[in-house]
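> The structure under discussion is supplied below as structure tokens; questions concerning it will follow.
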Ligand SMILES: Nc1ncnc2c1ncn2[C@@H]1O[C@H](COP(=O)(O)OP(=O)(O)O)[C@@H](O)[C@H]1O
Ligand SMILES: [Mg+2]
């Protein structure tokens, strides 16, 4: 192999790469926030008594989890305008990733809810808390702590999925990497630096969430 | 003495399994009633019905003269609303075998949660009262500890404080010492004895026969979903009438 | 709003050959990646669970690096980097390699978890009756670990099918790229992306069923035979 490394084009575009990374993080945080709220509601449906709501939650999860995220992204960005529902690139992507995140977070929170010992809800009932208060003050905080490790894994995974936004030309990190790649042909340099940026960010996210988890541990 | 809890012909089934087959029991104000009986005889279920943690299909439970859990409407028996049931539950305090403290809250906040959200006290009042109760059960020094940092006996004392702090009319104990290491049993029994001496009305399910004999005004022997025998402790333990009770006491080492 | 359903149907019929070809490419590249990735991942997982530090560390590094990289970056990097690295790959080859590397990193973690969930006594008992380590693996550890790993492995396999859509970006004519090509002629975006989604769902649904069948089968295999 007689390849001479030249990182100059990569360093010249360093601000762009960082900008792309920041946009990816922003898209991830927004989508995960939306997806978590929806997932929380669906998880309560999935573990609740109402059969129709249970079926809704399970149906949603099993359909969305079996679809490729890229197909959802393209369907929303290119397909929905045919129904008069047109969104710009970033909005389309956030919508797609939120739908996707909701399915995964439903599973995360559902497992968390199943891990809440029934005895503590009964203790809440016994002191006269209303069902809603029990959910809010007792079940939810315990469930969130149970769910932290799985939540962290899915957070990282969903952040990595923001790379797919490049497919509809949202200018995040992978988009810029491809651009620099085709302009400079510094192939090894571009992709190793891009991968390193993703790896470092994923590592930092899990470090951060693991720290949070250990502080919240019961 | 006025009757505080009046259970009339209580029937309870899990699906097809009838667990309570017509239980009648009344508990007067200030009385301590112990329920004994072999495992599976329905003791826990009876306590859970009194606390409305279980639905029941027949009979009535009156607390302070008021029927709880169900009401008659157009000749039909309908379950009270969850809000109403929550209010009714606040009249009875329950202590569980497995303590069931809220794991994410400190000992203090385990108590203040109910005081602020159910009894509507301000945070400051709630803390003051909670600290008073923690002192009563000898747990004030541990008020900022999480349940996972406490021993079983300590957790159960906090759980007792949490229940009494709600100022219930009656306290229900379901085998409060069964999950404890033997050397931790005494501290919890002492706490319960203290409440009894203060005149708290109590229904205890227990396997501690000596303790039942010492603190109870009445002892109830349950067998297969019915009350088989009932009376003051001296008579029940001294001259049991039913052969099943004699058998049970022999097996319990009395 | 007009969904042009009859036009859609006629376009499906007209393009059925392409669609089948695309679906076949999706299935074959996924199967290739799952098979090779599973073998590689089992080796790496074994190293993670049992190897001494000089072997365990590179294995850990591999898993953490690959799992920190988005699959799309992995696909693009494999494709573009193969030429300057002196081993030019076709899009299909590059895609298969990238998916295999990705699959291996997942399987390695699954396999490590399954092996470590086995009681340590199993390894010791194998040693005690004089089996060599490869034989202990083959006869004692793997059959038990396989049963533990099966449900998560099936999930990982379905993830591979989903990840294979990313090969469309480097020009592998799998199901998604095929759909895009068809759409570029008839502009039925909504309909054909929906169809693609439905086909992916069907493939993954089959994998799910297969996994359930295998789980049952393995469960039976692990149980002692009842005396006749
Ligand atoms: N949730 C339940 N579902 C079905 N059967 C139950 C349930 N809880 C208790 N039982 C049954 O009811 C009977 C009485 O149980 P319990 O009241 O717990 O007895 P005890 O407390 O006297 O040991 C037992 O036969 C038990 O198996
Ligand atoms: Mg019991």
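> Is at least one residue of the stretch B:8-30 farther than 25 Å from residue B:199 by Cα and away from ligand 1 (no atom under 14 Å from the Cβ)? Explain how you work it out, then say what you get.
In the first step, residues of the stretch B:8-30 are kept if they are farther than 25 Å from residue B:199 by Cα; the result is B:9-23.
Right, trim to away from ligand 1 (no atom under 14 Å from the Cβ) and you get B:9, B:22.
Looking for residues that are farther than 25 Å from residue B:199 by Cα and away from ligand 1 (no atom under 14 Å from the Cβ), one finds at least one in the stretch B:8-30, hence yes.
> Filter the stretch C:164-183 for residues that are buried (at least 24 other Cβ atoms within 10 Å of the Cβ) and under 19 Å from the mean Cα position of the chain (by Cα) and give the result.
Of everything in the stretch C:164-183, those that are buried (at least 24 other Cβ atoms within 10 Å of the Cβ) and under 19 Å from the mean Cα position of the chain (by Cα) turn out to be C:164, C:165, C:166, C:167, C:168, C:172, C:174, C:175, C:176.
> For the stretch A:77-90, check the following and say yes or no: at least one residue is more than 10 Å from chain C (Cβ to nearest Cβ), modelled with pLDDT of 95 or more and assigned to a helix (DSSP H, G or I).
yes
> Another question, then. Keeping to the stretch B:94-132, report how many residues are in contact (Cβ under 8 Å) with a residue 60 or more places away in the chain and within 16 Å of ligand 2 (Cβ to nearest atom).
The number of residues fulfilling the criteria is 6.
Residue-wise test of (1) within 15 Å of residue B:35 (Cβ to Cβ); (2) in contact (Cβ under 8 Å) with a residue 24 or more places away in the chain.
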{"residue": "B:209", "(1), (2)": "yes, yes"}
{"residue": "B:212", "(1), (2)": "yes, yes"}
{"residue": "B:241", "(1), (2)": "no, no"}
{"residue": "B:250", "(1), (2)": "no, no"}
{"residue": "B:253", "(1), (2)": "no, yes"}
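> From the list B:157, B:162, B:193, B:235, which one is within 14 Å of another protein chain (Cβ to nearest Cβ) and more than 16 Å from ligand 1 (Cβ to nearest atom)?
It is B:162.
> Being surrounded by fewer than 22 Cβ atoms within 10 Å (Cβ to Cβ), away from ligand 1 (no atom under 16 Å from the Cβ), modelled with pLDDT of 95 or more and in a loop (DSSP other than H, G, I, E, B) narrows it down to one residue among B:121, B:101; which is it?
Step by step, each of B:121, B:101 is checked, and only B:121 is surrounded by fewer than 22 Cβ atoms within 10 Å (Cβ to Cβ), away from ligand 1 (no atom under 16 Å from the Cβ), modelled with pLDDT of 95 or more and in a loop (DSSP other than H, G, I, E, B).
> Here's a follow-up. Check C:32, C:76, C:19, C:61 and return the single one that is within 13 Å of another protein chain (Cβ to nearest Cβ), part of a helix (DSSP H, G or I) and under 23 Å from residue A:70 (Cβ atoms).
The conditions single out C:76.
> Further, regarding this structure: Return the total of residues in the stretch B:175-187 being touching a residue at least 24 places away in the same chain (Cβ under 8 Å) and within 12 Å of residue B:208 (Cα to Cα).
5
> Find all pairs meeting these conditions: Cβ atoms under 9 angstrom apart; at least six residues apart or on different chains; first residue within the stretch B:33-44 and within 14 Å of another protein chain (Cβ to nearest Cβ); second residue within 8 Å of ligand 2 (Cβ to nearest atom).
B:44/B:97; B:44/B:174; B:44/B:175; B:44/B:205
> I'd like the full set of residues that are within 16 Å of ligand 2 (Cβ to nearest atom) and on the phi > 0 side of the Ramachandran plot, limited to the stretch B:1-52.
Passing the criteria: B:37, B:40, B:42.
> Can you find a residue in the stretch B:204-221 that is within 16 Å of ligand 1 (Cβ to nearest atom), within 14 Å of another protein chain (Cβ to nearest Cβ) and modelled with pLDDT of 95 or more?
Quick first cut of the stretch B:204-221, residues within 16 Å of ligand 1 (Cβ to nearest atom) only: B:204-209, B:212, B:219-221.
Subsequent filtering for residues that are within 14 Å of another protein chain (Cβ to nearest Cβ) retains none.
No, there is no match, as no residue in the stretch B:204-221 is within 16 Å of ligand 1 (Cβ to nearest atom), within 14 Å of another protein chain (Cβ to nearest Cβ) and modelled with pLDDT of 95 or more.
> Can residue A:177 be described as touching a helix residue (DSSP H, G or I) at 6+ places or on another chain (Cβ under 6 Å), assigned to a helix (DSSP H, G or I) and at the interface with chain C (Cβ under 10 Å from one of its Cβ atoms)?
yes
> Residues that are more than 16 Å from ligand 1 (Cβ to nearest atom) and touching a strand residue (DSSP E or B) at 6+ places or on another chain (Cβ under 6 Å): does the stretch B:32-41 have at least one?
Yes, the stretch B:32-41 has at least one match.
> Here is a follow-up. Can we say residue A:42 is over 17 Å from the mean Cα position of the chain (by Cα), in contact (Cβ under 8 Å) with a residue 12 or more places away in the chain and surrounded by 17 or more Cβ atoms within 10 Å (Cβ to Cβ)?
Spelling it out, it is not the case that residue A:42 is over 17 Å from the mean Cα position of the chain (by Cα), in contact (Cβ under 8 Å) with a residue 12 or more places away in the chain and surrounded by 17 or more Cβ atoms within 10 Å (Cβ to Cβ).
> Now a separate question. For the stretch B:231-245, state whether one or more residues are touching a strand residue (DSSP E or B) at 6+ places or on another chain (Cβ under 7 Å), within 16 Å of ligand 2 (Cβ to nearest atom) and not in a helix (DSSP H, G or I).
So far as the stretch B:231-245 goes, no, none of its residues is touching a strand residue (DSSP E or B) at 6+ places or on another chain (Cβ under 7 Å), within 16 Å of ligand 2 (Cβ to nearest atom) and not in a helix (DSSP H, G or I).
> Could you tell me how many of the residues in the stretch C:38-58 are farther than 22 Å from residue C:146 by Cα and part of a helix (DSSP H, G or I)? I'd like the intermediate steps shown before the answer.
Here is the first cut: in the stretch C:38-58, the ones farther than 22 Å from residue C:146 by Cα are C:52-55, C:57-58.
Going one step further and asking which of them are part of a helix (DSSP H, G or I), we end up with C:53-55, C:57-58.
Number of matching residues: 5.
> Scanning for something touching a strand residue (DSSP E or B) at 6+ places or on another chain (Cβ under 7 Å), away from ligand 2 (no atom under 16 Å from the Cβ) and touching a residue at least 24 places away in the same chain (Cβ under 8 Å), does the stretch B:75-82 turn up at least one residue?
yes
The values are calculated or read from the model by the stated rules, or taken from the named source; none is laboratory data. Just so we're clear, the structure is a prediction, and the values are computed from it rather than from any experiment. Neighbour counts are summed over all protein chains in view; Cβ atoms, including those assigned to glycine, are modelled from backbone coordinates with ideal geometry.
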